[in-house]
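Following: one structure in structure tokens, then a few remarks.
Nothing in this text is a laboratory measurement; each read-out follows from the coordinates by a stated rule. Quantities reported herein were computed from a predicted structural model and do not represent experimental measurements. Here the Cβ positions follow ideal geometry from the backbone for every residue, glycine too, while neighbour counts run over all protein chains shown.
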Amino acid sequence: DIQMTQSPSSLSASVGDSVTITCRASESIGTFLNWYQQKFGKAPQLLIYAASNLQSGVPSRFSGSGSETDFTLTINGLQPEDFATYYCQQSYVTLATFGQGTKVEIK
Amino acid sequence: QLQLQESGSRLVKPSHTLSLTCAVSGGSVSSGAYSWSWIRQPPGKGLEWIGYIYHSGSTYYNPSLKSRVTISVDMSKNHFSLNLTSVTAADTAVYYCAREGYGDYDGVIETWGQGTLVTVSS
């Protein structure tokens, strides 16, 4: 299995801050990397696919970058509705695997 | 707009079979080249991909669950289903059904159901 490791596991930030979440794959996955946002008690929602493509309807303050094994999700200008848990997922092989999640909390 | 809705047993006894169905509305399980997936999330934990059924009917399962999992599709009812046999407390989780895309969205979980909590307990 391809292991996905996110860092940090949690972070505290204020409204308006910029935050960066990192996801590392245990082997090269090209740009087959997707990001999801999960709010408490809700299903995850797709934010970014193929490392850097913003899903329709997702605010432009979200951006993704990276390739091969190292990827980042950046939120520029954190909004109250962005406090949630974020997961990366590789779709390079059929057996999809996820990072353990990064919880973004209010400072 | 595509919507997915899980239904089924919310409480399952140990060693019994967990059965869930995902009703698809706003789209068809037989259209396009989509894959129809199941994903689970134990309380307070991360996401685990269970498997999918392709629009052609072929399936792929997580090897860690393969011996216990069956995913099937009923095109006449426009739904797909999950059966997980010989369950234990470790199978307690929120179970999500989902649609995976194709082309630029290959392997991307683009639409999720709301999820249903299944508890394994006697």
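Structure data summary
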read-out	value
Karplus 3J(HN,Hα) series, Hz, for segment B:16-31 with 6.51 cos²θ - 1.76 cosθ + 1.60 (x for Gly, Pro)	8, 9, 7, 10, 10, 10, 10, 7, 9, 10, x, x, 10, 5, 9, 9
Amide N proximity, segment A:35-76 versus A:Ser18 label position 7 Å along Cα-to-Cβ, cut-off under 11 Å	A:74-76
Positive-end extreme of charge dipole, chain B - chosen from B:Gly44, B:Leu4, B:His79 (charges on Cβ)	B:Gly44
Rounded to whole Hz, the Karplus (6.51, -1.76, 1.60) HN-Hα couplings of segment B:94-109, x for glycine and proline	7, 9, 10, 9, 7, 10, 9, x, 9, x, 4, 9, 4, x, 8, 8
Max mean-square fluctuation residue, GNM over chain B, Cα-Cα springs under 10 Å, options B:Ala33, B:Ala90, B:Ala23	B:Ala90
Size of charge dipole - segment B:70-119 - debye, nearest 20, with Cβ of Lys, Arg +1 and Asp, Glu -1, no other charges	240
Residue order, fewest to most beta carbons within 10 Å, for B:Met75, A:Met4	B:Met75, A:Met4
Antiparallel %, DSSP beta bridges [both residues in chain A], to 5	90
For A:94-102, mean number of other protein chain Cβ atoms within 10 Å	6
Cα-centre dipole for chain B with unit charges at Cβ (Lys and Arg positive, Asp and Glu negative), debye to 20	440
Label-point separation in nm, A:Lys39 to B:Ser121, each point 7 Å along Cα→Cβ	2.8
Simple label model, 7 Å out from Cα along Cβ direction - B:Asp106 to B:His16, nm	4.2
Approximate spin-label separation A:Glu27-B:Ser31, in nm, with each point projected 7 Å along Cα-to-Cβ	3.7
Burial ordering of A:Phe32, A:Phe40, A:Phe83, fewest other beta-carbon atoms within 10 Å first	A:Phe40, A:Phe83, A:Phe32
Average beta carbon contacts from partner chains per residue of A:33-43, 10 Å cutoff	3
GNM result for chain A, Cα springs below 10 Å: residue of A:Gly16, A:Gly57, A:Gly30 fluctuating most strongly	A:Gly57
Electrostatic dipole magnitude of chain A [Cβ: Lys, Arg +1; Asp, Glu -1; Cα centre; debye, to 20]	260
GNM top mover of B:Tyr102, B:Tyr54, B:Tyr34 - chain B, alpha-carbon springs below 10 Å	B:Tyr102
